[in-house]
Every structure is written in C-alpha cells, then in structure tokens.
Amino acid sequence: MSKEAIIFEQVSKTFPKSANPSVNETSLIIPQGSFVTILGASGCGKTTLLKMVNRIIEPTAGTISIFGKDIRSLPVTELRRSIGYVIQQVGLFPHLSIEQNIATVPNILGWERQKTAERIDYLMDLVHLPASYKKLYPRQLSGGQQQRVGIARAMAGDPAILLMDEPFGAIDAITRTKLQDDFKQIQRELGKTVLFVTHDVEEAMKLGDHMIVMNEGTIQQYDTPLAIMSNPNNAFVSQLIQADDLFQQLHLIRAEEKMIALEEPAGSDIPRIPAGDSLKSALQILLQQNVPYVAVENKEHEIIGKITLEQLKLQNGR
Ligand SMILES: Nc1ncnc2c1ncn2[C@@H]1O[C@H](COP(=O)(O)OP(=O)(O)OP(=O)(O)O)[C@@H](O)[C@H]1O
Ligand SMILES: [Mg+2]
C-alpha cells in the first residue's frame, strides 16, 4: 500500500452554468492514517471537494487517486464501498432499524449473517451505543445518538478512508465534545485516514493533525493546526482563525491563573508545565501532543492543576 491515502492533482470542479469553479486547481496529498480537517465558510467548496473523492461529483479537470490508483480506474460501487461517508445531516434510513442501517454495506457485500451481526455489535460498542438500541428506529434516537449510528454505518465495511461532512454540526456543545473525543480515539486506534469538513475553527484544530483552510474554491493553507495558528499564510487565514488575537491573549496569561483542579492523579504520559508559563505554551503542547490536558506544577514539581483545550476555547471568547 502506498503511504499516500488520497492525492489530488490539479483538480477543478466547475458546475454547469457556473461562472467560477467551486474547487479550483487543487493539489493535495493526504497521508495514510492522518486526520485532516477542512475549514472554510459556507459555499467555499468543502462538500464539493469531499464528494469528488467518492465520485458523487466528477471533477471537470485533474486526477484524484486513492492508495496509488486513479479513482476513475475503479468501478464506482467498489470505490464507494471502500470509503466510509458521513453526510452533512446524518442521513440514516428512517424506515430501517439501527442495526439494519449499520448493516447497509455488509449486506451489499453479501456478508454472512453471523459476521454482520458481530460487526454490528462491535461497532455499536465502539461508538458507545447500548446494544438495546439495535431494534430501534432513527427517530427514536437523539441527534447525538443518530450521529453515532452514522459513524458506525460509515465504518461497517472497515474502509481505510472516511469522508465526514460536518458530522457533528447540528449537535449541542457538550454532546459534540464527547463525540469528538470518542471519534478521535477511534480514529487513532484504528488508523483510519479521515477527511473531515467543519466550519468550526475549534473543532478543526482539535481533531485535525493537519488542517486545510479553504476560501472560494482555493486552498489557502494546508498545515498542522499549530503552524497555521502561529504562522497564517495570509490575511484570510489569519482572520478566519483569529490567530493574532488568540495568541496575544494566551501569551499574557499565566497557566496558574486559569488552571482547574485535577480530579485524579495525572498519568506519567501527561506533559507538565511550570505554573508561571503562559497559556500559549500550554496550547502548543496540547496541539502538538494531542493529550487531554497539560498538568501545571509548582516550583517543588508538585502538580497543582491542569489546563484543557476547552478552557483555552473559553479564553478565546468563543
Ligand atoms: N450541484 C450543484 N450545482 C451547481 N452548483 C453547485 C452544486 N453543488 C454545489 N454548488 C456550488 O458550489 C459552491 C460550493 O458548494 P459546496 O457545497 O461545496 O460548499 P460548502 O463549502 O460545502 O458549503 P457549506 O458549508 O454551506 O456546506 C457553492 O457556490 C454552490 O452553490
Ligand atoms: Mg457543505
């Protein structure tokens, strides 16, 4: 297998009767196992970019390959089965039960009943849904629970690539945080390659090991969240992520001023910073190391509190 999961080469999409391309001469390399978030305002071409990967939309120019193969050389059905897709607005089949929804791809693939049943159990457990929900219908679940089913369904055929279009868009903040944390852990454990569209800056930074910032069909910057924050390519990127403001604010505040109590002793893998360090260093560590929090220690190297990404978000006023 190639180390690159997805490659875009000079890909454009201009819809019929449109004056401007929705996606314009885009080249991109998505390494295998990476979690890439795509951030941009409404209408900038995020969904179009995503849908070209599974050929729901055909590019007007350029080439897309997955694992070294031009996607036009693969039968469309086979291509789509090998890519999990979570659409904007969940899109569960309302007349099918939860287990039937999750079994969609296994059924198309003609799996034996036993294998499909085991897969359903495994996936429901993975996304933290009780097995008792199997026979329920989507309308009987909350929005957040439906999102979990959507993720389970997308992962049913064990695809190497997942395309996710604002999957947590319509979810309240608390449920969303939980879904984000759970999904990030699943992705890390299973090593999936994820292309994840969002227009939430914090979500893009928290989930992505890399981040694409788009505007009017063009990629403005593709880099790690930290690099984008500390070194935005242009005024658009800078404004979108409010990088200057955030960094200035965080630089002026000491960790001990904002830390919160630790509920349990910090594990040995948790990074530590001195109480007098700024929140900016805490943020850098949080983004680089992808840990749930940074421990704050006093001069005696005793842990006296912690800083989480959630707190830094509040700090930023969003
Ligand atoms: N089927 C279509 N026919 C014509 N124009 C389209 C079609 N789909 C999308 N477009 C246009 O392409 C542009 C990009 O649309 P796209 O759906 O990719 O945006 P988006 O970034 O996903 O926006 P949002 O955040 O609102 O979902 C828009 O101007 C849209 O009107
Ligand atoms: Mg969209």
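The values are calculated or read from the model by the stated rules, or taken from the named source; none is laboratory data. If you're wondering where the values come from, they're calculated on a predicted model, not measured in any experiment. We place every Cβ from the backbone using ideal geometry, glycine too, and count neighbours over all the protein chains shown.
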Taking the stated definitions as given, is THR175 modelled with pLDDT under 85, surrounded by 16 or more Cβ atoms within 10 Å (Cβ to Cβ), of a type in the set (Ser, Thr, Tyr) and assigned to a helix (DSSP H, G or I)? yes
Considering only segment 1-24, state which residues are within 15 Å of ligand 1 (Cβ to nearest atom) and not small (Gly, Ala, Ser). PHE8, VAL11, LYS13, THR14, PHE15, PRO16, LYS17, ASN20, PRO21, VAL23, ASN24
Residues satisfying the stated conditions in segment 21-59, i.e. assigned to a loop (DSSP other than H, G, I, E, B), within 19 Å of ALA160 (Cβ to Cβ) and within 16 Å of ligand 2 (Cβ to nearest atom): ASN54, ILE56
Scan segment 60-98 for residues that are in a helix (DSSP H, G or I), touching a helix residue (DSSP H, G or I) at 6+ places or on another chain (Cβ under 7 Å) and among the hydrophobic types (A, V, I, L, M, F, W, C) and jot them down. ILE71, LEU79, ILE98
Does GLU118 satisfy the criteria of being in a helix (DSSP H, G or I), within 25 Å of PRO292 (Cβ to Cβ) and out of contact with any helix residue (DSSP H, G or I) (no Cβ under 7 Å at 6 or more places or on another chain)? no
Across (1) without any contact (Cβ under 8 Å) to a residue 40 or more places away in the chain; (2) under 29 Å from PHE67 (Cα atoms), THR175 clears everything bar (2)
For segment 54-73, does any single residue satisfy the condition of being assigned by TED's automatic domain parsing to the domain that holds ALA154, within 26 Å of ILE171 (Cα to Cα) and loosely packed, with under 13 Cβ neighbours inside 10 Å? no
Quick check on segment 74-91: of everything there that is of a type in the set (S, T, N, Q) and within 16 Å of ligand 1 (Cβ to nearest atom), which residue is surrounded by the most Cβ atoms within 10 Å (Cβ to Cβ)? GLN88
Any idea how many residues of segment 122-167 are part of a helix (DSSP H, G or I) and of a type in the set (A, V, I, L, M, F, W, C)? 9
Would you mind stating whether PHE183 is at negative phi, aromatic (Phe, Trp, Tyr) and free of Cβ contacts under 8 Å to residues at least 60 places away in the same chain? yes
Anything in segment 218-260 that is within 30 Å of ILE303 (Cβ to Cβ), part of a loop (DSSP other than H, G, I, E, B) and at pLDDT below 85? List them, or say none. ILE253
Among the residues of segment 26-59, count how many are more than 13 Å from ligand 1 (Cβ to nearest atom) and either among the basic types (Lys, Arg) or without any contact (Cβ under 8 Å) to a residue 60 or more places away in the chain (or both). 3
So, first residue over 19 Å from PRO106 (Cβ atoms) and in contact (Cβ under 8 Å) with a residue 12 or more places away in the chain in segment 68-85, second residue assigned to a helix (DSSP H, G or I) and not aromatic (Phe, Trp, Tyr), Cβ within less than 8 Å, six or more apart or across chains; the pairs are ILE71/VAL53; ILE71/LEU79
